[in-house]
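Heads up, the thing below is written out as structure tokens.
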Amino acid sequence: MTRLRFVLGDQLTRGLSSLADIDPAHDMVLMVEVAAEARYVPHHKQKIAFVLSTMRHFAETLRAEGLNVEYVKLDDPDNTHSFTGELARAVARHAPTSVVVTEPGEWRVLQMMQDWDLICRTDIRPDDRFFCSRAEFTALAKTGKTSRMEFFYREMRRRTGLLMRADGPEGGQWNFDPENRKSLPRGHQPPPRRRFEPDAITSEVLALVAGRFGHHFGDLTPFGWAVTREDALEALDHFITDCLPGFGDYQDAMKAGENFLYHSLISPYLNVGLLTAREVCERAEAAYRTGEAPINAVEGFIRQILGWREFVRGIYWTGMPGYAQTNHLNAARDLPALYWTGETQMHCMADCIGTTRRHAYAHHIQRLMVTGNFALLAGVSPPQIEEWYLAVYADAYEWVELPNVHGMVMHADGGRMGSKPYAASGAYINRMSDYCKGCSYDPKIKLGPRACPFNYLYWNFLIENEAVLSPNPRMAMPYKTLSKMPEEQRGGITRSSQAFLASLPVWTKTETPVAEPKPGDRP
Ligand code: FAD
Ligand code: DLZ
Ligand code: SF4
């Protein structure tokens, strides 16, 4: 054997740089299931099952192509349960001339790789599954084009030619966001979603996960994720045909019990490599050109992938490891237990945590404006809320989770991700959803036991962070309103907030992060 090709669980792409020049006659692919990757945060059971089943299917595809694959399963009695331990065992078994690996998605794993002390050479190759390489992002940063997502996105449109025509952007403008803020009309039924029945491989993995990680957060079944490239492509087709036309209009909407709406549900597939960002964007663009979907939907969707997804990756790799350590607002509250238990009278929070538990999924506005907004207003310690987001979503990897949580939600990076915090009162949630109709609290009441907690927490957040946030020109409006607020009202806000926050049980790490289903929950 000459070279050992080590493929990680989020590198399941045939065109991966570490597989590109594989020699079937001499090389061997190594894939390993290790408990350390399921436990470095207590991942949702569906996330673990999704990754392991997808890995097993990918290994089968490579074998069917005639490649030599060594696959270490979780229940292998000799498994050391770490990447480093399993690679060392494989190197000892096969004495390769070199180990070839694609750079990982997480800083933690890159450090591991840099510490590998092997008897052979290690060739760490760039991950070229992104539109913008790490080196390109670093170079762009020097020109000022990465200071805001919108500048970066326009540059990426120009570079890729996506949604461009000779005289400028398709549709005559770069961004159709103002059209994409509709709430769902009363009685509107979003399309049913394509789910995939577990096959024999997935069923075996589900049993394994139930046995080993049964105490982790989240429901394991029903499990409906695609775990092969063919099924992921089918999921993409379904999205383009049935959902993309409505994606723009209802991108920011929320509806109780309807947690998918017009969103694509493809982030787990993109992040493990079953789908590539380029093919997804090209498919969406083709739908615009053939008249299957309107420009506001297609531009809005492509912006999420070509813009936000690439931007957060650049922020992560240019900022780490220091990026994770900043705490611009000095937030220090322990994570309220309700994030794990879902037990709260706040209907919006209960619904968003409920879908997270059932599906290892919540859409962007639920993550940003409900669970994220609450963590921001409550001043939760950034590492604690980051651990929660990294654990509970099927699509969560630190390179994409961290800038979204640390930066976009918690403003802990001092504004690198967004020029102001996405803080909002209950009025925003009431406008964009029907949550408030079924809530014990009232979004129109500002203070007192029936007041929506988001209302007083919003002003309390502004009061507590006045020294840091009031000089920000984008915060001028709310601080102007605050400056006119009578002292008595400010006092009421502070008292209500302190009483409410003190009443929230805190999650301690010795507890098991399990949320049990409640009567009336939708499957
Ligand atoms: P759609 O709404 O259909 O969007 C299409 C695609 O755009 C997504 O699949 C995703 O690849 C990309 N995208 C959209 N928004 C973002 C964004 N802000 N950053 C990066 N990519 C984006 N996304 C992850 O993939 N992993 C995470 O761990 C993650 N954590 C998040 C945490 C918070 C607090 C917030 C606010 C957002 C987070 N996101 C994360 C971004 C976004 O919420 C998810 O990508 C999206 O909800 C996935 O569902 P979807 O595929 O239906 O997305
Ligand atoms: C998320 C995950 C899990 C749960 N298990 C494995 C595993 O057993 N083997 C593996 O190769 N990858 C796994 N992963 C994905 C890794 O955590 C991911 O590759 C790294 O975090 C780098 O992004
Ligand atoms: Fe959420 Fe407040 Fe509305 Fe209740 S009233 S659903 S807590 S925004």
**Asked** Is it true that Y397 is out of contact with any helix residue (DSSP H, G or I) (no Cβ under 6 Å at 6 or more places or on another chain) and either modelled with pLDDT of 95 or more or among the hydroxyl-bearing types (S, T, Y) (or both)?
**Response** no
Expected output for region 238-249 (first residue farther than 14 Å from R181 by Cα, partner modelled with pLDDT of 95 or more and open to solvent by less than 10 Å² (accessible area, probe 1.4 Å), Cβ below 6 Å, 6+ apart or cross-chain) is I240/A287; L244/A287; L244/A293; L244/A297; P245/A293; P245/A297
All conditions in (1) of a type in the set (V, I, T); (2) open to solvent by 30 Å² or more (accessible area, probe 1.4 Å); (3) closer than 26 Å to I353 by Cβ are true of T241 except (3)
Restricting attention to region 257-272, the residues that are modelled with pLDDT under 95 and either within 17 Å of the chain's Cα centre (by Cα) or among the aliphatic types (A, V, I, L, M) (or both) number exactly 1
Among residues of region 413-430 being in a loop (DSSP other than H, G, I, E, B) and touching a Phe, Trp or Tyr at 6+ places or on another chain (Cβ under 9 Å), the residue farthest from ligand 1 (Cβ to nearest atom) is S425
Cβ pairs under 6 Å, 6+ apart or interchain, first in region 178-198 and on the phi < 0 side of the Ramachandran plot, second surrounded by fewer than 16 Cβ atoms within 10 Å (Cβ to Cβ), ordered by first then second residue, are P191/D242; R195/G224; F196/G224
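Evaluate region 338-345: report whether one residue or more is within 16 Å of ligand 2 (Cβ to nearest atom), open to solvent by 20 Å² or more (accessible area, probe 1.4 Å) and more than 25 Å from Y262 (Cβ to Cβ).
no
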The condition of being at pLDDT 95 or above, more than 23 Å from V400 (Cα to Cα) and of a type in the set (S, T, Y) holds, among T61, T2, only for T61
R186 vs (1) assigned to a helix (DSSP H, G or I); (2) open to solvent by 70 Å² or more (accessible area, probe 1.4 Å): all pass except (1)
Out of (1) on the phi > 0 side of the Ramachandran plot; (2) touching a residue at least 40 places away in the same chain (Cβ under 8 Å), the one G144 does not meet is (2)
Checking L4, L16 in turn, the sole residue that is closer than 21 Å to C120 by Cβ, under 23 Å from the mean Cα position of the chain (by Cα) and not polar (S, T, N, Q) turns out to be L16
Inside region 73-108, the number of residues satisfying the requirement of being outside any loop (DSSP other than H, G, I, E, B), within 15 Å of ligand 2 (Cβ to nearest atom) and charged (D, E, K, R) is 3
Could you tell me whether any residue of region 429-444 is surrounded by fewer than 18 Cβ atoms within 10 Å (Cβ to Cβ), more than 16 Å from ligand 2 (Cβ to nearest atom) and hydrophobic (A, V, I, L, M, F, W, C)?
no
Matching residues in region 147-172 (part of a loop (DSSP other than H, G, I, E, B) and either open to solvent by less than 40 Å² (accessible area, probe 1.4 Å) or on the phi > 0 side of the Ramachandran plot (or both)) number 3
Note on region 38-49: residues more than 16 Å from ligand 1 (Cβ to nearest atom) and of a type outside the set (A, V, I, L, M) are R39, K45
Original post:
If we scan region 41-62, do we find a residue that is out of contact with any helix residue (DSSP H, G or I) (no Cβ under 6 Å at 6 or more places or on another chain), free of Cβ contacts under 8 Å to residues at least 12 places away in the same chain and either within 16 Å of ligand 2 (Cβ to nearest atom) or closer than 25 Å to D128 by Cβ (or both)?
Top reply: no
When (1) of a type in the set (S, T, Y); (2) under 17 Å from V272 (Cα atoms); (3) more than 15 Å from ligand 2 (Cβ to nearest atom) are applied to T2, the one that fails is (2)
Of the residues in region 364-385, those that are within 9 Å of ligand 1 (Cβ to nearest atom), open to solvent by 10 Å² or more (accessible area, probe 1.4 Å) and either under 21 Å from G105 (Cβ atoms) or small (G, A, S) (or both) number 2
W399 vs (1) assigned to a loop (DSSP other than H, G, I, E, B); (2) out of contact with any Leu (no Cβ under 7 Å at 6 or more places or on another chain): all pass except (1)
| said: Is it the case, given these coordinates, that R303 is assigned to a helix (DSSP H, G or I), charged (D, E, K, R), modelled with pLDDT of 95 or more and surrounded by fewer than 19 Cβ atoms within 10 Å (Cβ to Cβ)? | reply: no
Here the residues within region 1-37 that are outside any loop (DSSP other than H, G, I, E, B) and either within 16 Å of ligand 1 (Cβ to nearest atom) or in contact with a strand residue (DSSP E or B) (Cβ under 9 Å, 6 or more places away or on another chain) (or both) are R3, L4, R5, F6, M28, V29, L30, M31, V32, E37
- request: Output yes when any residue across region 392-399 is open to solvent by 10 Å² or more (accessible area, probe 1.4 Å), free of Cβ contacts under 8 Å to residues at least 40 places away in the same chain and out of contact with any strand residue (DSSP E or B) (no Cβ under 9 Å at 6 or more places or on another chain), and no when none is.
  value: no
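Residues to consider are T318, T356; find the one that is β-branched (V, I, T) and open to solvent by 20 Å² or more (accessible area, probe 1.4 Å). Spell out the reasoning first.
Values: T356 fails: open to solvent by 20 Å² or more (accessible area, probe 1.4 Å).
Among T318, T356, only T318 is β-branched (V, I, T) and open to solvent by 20 Å² or more (accessible area, probe 1.4 Å).
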Checked region 415-441 for anything within 6 Å of ligand 3 (Cβ to nearest atom) and free of Cβ contacts under 8 Å to residues at least 40 places away in the same chain; matches are G426, N430
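The values are calculated or read from the model by the stated rules, or taken from the named source; none is laboratory data. This structure is a prediction, so every number in the text was calculated from the model and none was measured. Glycine also receives a Cβ, built like all others from the backbone with ideal geometry; neighbour counts cover every protein chain displayed. Areas reflect the complete protein model, heavy atoms only, side chains present, ligands, DNA and RNA absent. Shrake-Rupley method; radii C 1.70, N 1.55, O 1.52, S 1.80 Å.
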